[in-house]
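K.L.:
Below is a structure I'd like to ask you about.
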Amino acid sequence: MPDLSNRIAVDSALIIANQPALKPDGAPEYDTETITEIVRDRLGITPKWAPIGPVVRRTLESQRHIVDLLPYDWTNIFAQQDQLVRRSGFDVERPKIGRHSRPQPAKWPDSADDILWAYPDSDEYEVRILGGAKPAYDVLGRRPENWMVHPFGAIDPVDFLQGVDFWVYFHHPKWLEAYGRAIMEALRSGTVAILPEYLQVTYGNAAVYGRAEDVTTIIDEFRSGVRSFEEQSARGQDFAAGHAPEVHIERITGLTLAAGEVDRRHESVDDGAGGLLAPVFAPSIALSSARMAPTDRYDADERPRALFVTSNGAGMGHLTRMLGIAREVAETVEPVFFSMSQGVSVVANAGFAYEYVPFNSALQTKSVLWHDYFESRLLEAIDHYQAEIIIFDGTWPYRGMLSALDKRTLLRVWVRRAMWKPTISPEQLSNAAHFDLIIEPGEHAHSYDVGATTQVRNATVVEPMTVLSPHELLSRSDALDELGLSESNGIRYVLVTLGAGNINDLESTQTAVLAAIEAQKGWVPILTKAPIVSAWHTAEARTISTFPLARYSRAFDFAVSAAGYNSFSEWMSGGLPTIWIPNMSTMTDDQDARARWAADLGYGLRAKEGDVEDIARAVSTMCNGSVRSQMERKLSHLPTKNGTLEAASLIEESWKAFERLNGVRR
């Protein structure tokens, strides 16, 4: 492998593990440590390992001290150009047992008993084999009369599978099947697969499991009706359908956008022992490239389609709130994201399609030109997706957006955050007339809000909004485990999440926070790297990058955090004691008001950006167990109702009313 470290800037690297790292007897199949070192040396970054399935993952789990594992499997995909054809039954008088593999000894059982149990030498069954059977002949010393054997490649596997009822696959005891493309193709065709028990972690209820000696008993259960052939066949086909090429398109898109494909102004850095953590929402089958394919399925889906439009933002706030709403309305409204946020790819991991629309500053163009560009893009998206609802989260409704709204009949929703700085003009509030519904995300610190939104009464205020509800948060033990953090030796962890640093210089504040925590014996800082960070300063602390971060909040004893809307709502609702360091460079959001409210009422502590002594004093205070206990008691009395659920209900009810009034097509 050539040394590329001086020629390309690498944000992340994956080693796709297509084979178990260990043999069944525990002997190594390949040297993970050497491979990791080679990639690190050639690319200048520590790679992650991505197993193609649970069997490979299990062998890599035992080497966690060497490899950094991706939290989800990099599953195989295969072309699925043909339409699914459901099977209605099989020949119960003489079931057809089949298998397809290369003619290698490892692919066959090593005992005559196992071979004949799995592939019976009996006129009661017809055995069809594609790929040759010489290893079986060598063990048996003969060829069973009821076996119909074709050489490897002699028949198109798709055609071969149409003549098979039960796909039976048993192999040598010294072999592990990493994934099994032939098995996936068999499931797709509608055969019922009978497999070794260890493969259940890979295929779940898509197949039936047992030992070689159980095969005829299992088939008899289908013959007698104890098991339903049609239902099992359909389960296998549905499972295989989830491994279409779109899965690969989605995960590559998610990785590259998360790594900064849209904006690569920052330098590549090795993110240390913590590495890059995958998003919480596991990759789904939903198509989520830059533009979803033109849809012709509208009539088959009764849900109205909604464009979720978000501002660019200095952080992830707008996108996070909208993602929370999208998750809650998805059963009745089909979300498509249309976002100016460079972190928009995170929505793909929750299964939502999106388009990225660069903001004026990203395009480096004149404002007047950008508004016209944005209007044309938005109109095109409304028409392309046949959208009937538009939901905008942002402080400033753009001229181009307002112009587009006036040209289409849509339910128009504005999610308008409160807590504006008192110096901000109320001019934008006059745009309320362009919207049918205005939702104001609730603020725990509403009593300290003296901004312009407090002077109007045209919004429906909901409880503080969080992307996850309390029951979705991991327990402390599970959170530590997923983050790869130890519970031993009395170590306690501090979450340090100071924002993206796109509009303020975080380096001095970050340095002061890390130094203050490390000065406290037994305390370890865990630093976050925001998905939309445009510049990153190397830090010695363990670094994580995951979304949504709130899922792991119980892993930490306290946090040091910026006081943006989402962080404030998440840590308050989650009961996490926090030192709030407000970002004073925000244009509209009054982070300092939130921080002062928390400190004044005993729900947290407040420290100033870049003030080394103030930060050290706050960290020392928070490391006191009695201080945290008292703070946790106060936090436990705060309302925990998630305003995201209320917002979703308001949108659903408004749609029903809008539909009745306008007689739109449903």
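The values are calculated or read from the model by the stated rules, or taken from the named source; none is laboratory data. Just so it is clear, the model here is predicted, and its values are computed rather than measured. As a convention, Cβ positions derive from the backbone with ideal geometry for all residues, glycine included, and neighbour counts pool all protein chains shown. Heads up: the accessible areas ignore ligands, DNA and RNA and are worked out on the full protein's heavy atoms, side chains in. Shrake-Rupley method; radii C 1.70, N 1.55, O 1.52, S 1.80 Å.
K.L.:
Please give the length that would be gained between ARG492 and THR332 if that part of the chain were fully extended, namely 0.36 nm times their separation in residues minus their C-alpha to C-alpha distance (nm, one decimal).
P.N.:
Extending this stretch completely gives an extra 53.3 nm.
K.L.:
Run the 1.4 Å probe and let me know the accessible area of SER626, rounded to the nearest 10 Å².
P.N.:
80 Å²
K.L.:
To continue, here is another question. Applying 1/(1 + (r/R0)^6) with R0 = 30 Å to the Cβ-Cβ distance of ASP214 and LEU84, what FRET efficiency is obtained, to the nearest 0.05? Walk me through the intermediate numbers first.
P.N.:
Working: r = 28 Å, r/R0 = 0.94.
The calculated FRET efficiency here is 0.60.
K.L.:
List every residue whose amide H lies under 5 Å from the amide H of TRP49, counting only residues 5 or more places away in sequence or on a different chain, with H placed 1.01 Å from N in the peptide plane.
P.N.:
ILE15, ASP68, LEU69, LEU70
K.L.:
Hey, what do the phi angles of segment 634-651 turn into as Karplus ³J(HN,Hα) couplings, whole Hz, using 6.51/-1.76/1.60 and θ = phi - 60°, x for Gly and Pro?
P.N.:
Each residue's phi maps through the Karplus curve to give 5, 4, 5, 8, 6, x, 10, 5, 8, x, 4, 5, 5, 4, 4, 5, 4, 5 Hz.
K.L.:
Could I ask something else about it? If we count every other residue with Cβ under 10 angstrom of TYR448's Cβ, Lys/Arg +1 and Asp/Glu -1, where does the sum land?
P.N.:
Result for the neighbourhood of TYR448: -3.
K.L.:
Let me ask something else. Identify the residues of segment 435-464 with backbone N under 15 Å of a label point that sits 7 angstrom from the Cα of ASP600 along the Cα-to-Cβ direction, or state none.
P.N.:
In segment 435-464, the label zone of ASP600 (backbone N under 15 Å from the point 7 Å along Cα→Cβ) covers 444-451.
K.L.:
Okay, next question. Going by alpha carbons, how many degrees (0 to 90, nearest 10) lie between the helix axis of 245-258 and the longest principal axis of the chain?
P.N.:
30 degrees
K.L.:
Sticking with this one: Using θ = phi - 60° and the Karplus curve 6.51 cos²θ - 1.76 cosθ + 1.60, what whole-Hz ³J(HN,Hα) does each residue of segment 509-523 get, with Gly and Pro shown as x?
P.N.:
Karplus values, whole Hz, x for Gly and Pro: 5, 4, 4, 5, 5, 4, 5, 5, 5, 5, 6, 8, 4, x, 9.
K.L.:
Calculate, in nm to one decimal, what THR511 and ASP436 gain on full extension: separation in residues at 0.36 nm each, minus their alpha carbon distance.
P.N.:
22.3 nm
K.L.:
Whole Å is fine, so just give me how far the alpha carbon centre of segment 305-358 lies from that of segment 80-137.
P.N.:
47 Å
K.L.:
Using modelled backbone amide H atoms (1.01 Å from N, in-plane), which distant-in-sequence or interchain residues come within less than 5 Å of HIS150's amide H?
P.N.:
Result for HIS150 returns ILE129, LEU130, GLY131, GLY132.
K.L.:
Next up: Hey, rough spin-label estimate for LYS23 and GLU380, points 7 angstrom out along Cα→Cβ, what's it come to in nanometres?
P.N.:
5.7 nm
K.L.:
Here's something else I'd like to know. Could you work out how much longer the chain between ASN624 and ALA362 gets when fully extended? Use 0.36 nm per residue separation minus the Cα distance between them, nm to one decimal.
P.N.:
Once the chain is fully extended between ASN624 and ALA362, it gains 89.9 nm.
K.L.:
Same structure, new question: How do the peptides 556-562, 600-606, 196-202 rank, highest first, by the average count of neighbouring beta carbon atoms within 10 Å per residue?
P.N.:
Descending packing order for the listed peptides: 556-562, 600-606, 196-202.
K.L.:
Please list HIS637, HIS171 in order of solvent-accessible area, largest first, computed with a 1.4 Å probe with all protein chains present.
P.N.:
Correct descending sequence by accessible area is HIS637, HIS171.
K.L.:
Same structure again: Would you mind computing, in nm to one decimal, how far apart the modelled labels at SER228 and SER585 are, each placed 7 Å from Cα along Cα→Cβ?
P.N.:
Label-label distance for SER228 and SER585, simple model: 6.1 nm.
K.L.:
For the chain, with the dipole built from +1 on Lys and Arg beta-carbon atoms and -1 on Asp and Glu ones, taken about the Cα centre, which of SER88, ILE491, ALA154 lies farthest toward the positive end?
P.N.:
Result: ILE491, furthest along the dipole toward the positive end.
K.L.:
Between rounded, prolate and oblate, where does segment 60-118 land on the alpha carbon gyration tensor, with a ≥ b ≥ c its root eigenvalues, rounded for a/c under 1.5, else prolate if a/b exceeds b/c?
P.N.:
The shape class here is oblate.
K.L.:
Let me cross-check GLU33: its accessible surface, 1.4 Å probe, with only protein heavy atoms counted, in Å² to the nearest 10?
P.N.:
90 Å²
K.L.:
Explain nothing, just the number: dipole magnitude of segment 1-154 about its Cα centre with +1 on each Lys and Arg Cβ and -1 on each Asp and Glu Cβ, in debye rounded to the nearest 20.
P.N.:
Around 400 debye, computed over segment 1-154.
K.L.:
Take the Cα of ARG660, step 7 Å along the line toward its Cβ, and report every residue of segment 438-461 whose backbone nitrogen sits under 19 Å from that point.
P.N.:
What the label zone holds, given the 19 Å backbone N cut-off, is 438.
K.L.:
Quick one: what are the phi-derived ³J(HN,Hα) couplings along segment 322-330, Karplus 6.51/-1.76/1.60 with θ = phi - 60°, whole Hz, x for glycine and proline?
P.N.:
5, 5, x, 5, 4, 5, 7, 9, 4
K.L.:
Further question: Of PRO144, GLY132, ALA17, which is farthest along the charge dipole of the chain in the positive direction, counting Lys and Arg as +1 and Asp and Glu as -1 at C-beta?
P.N.:
Comparing the listed Cα positions along the dipole, ALA17 ranks first.
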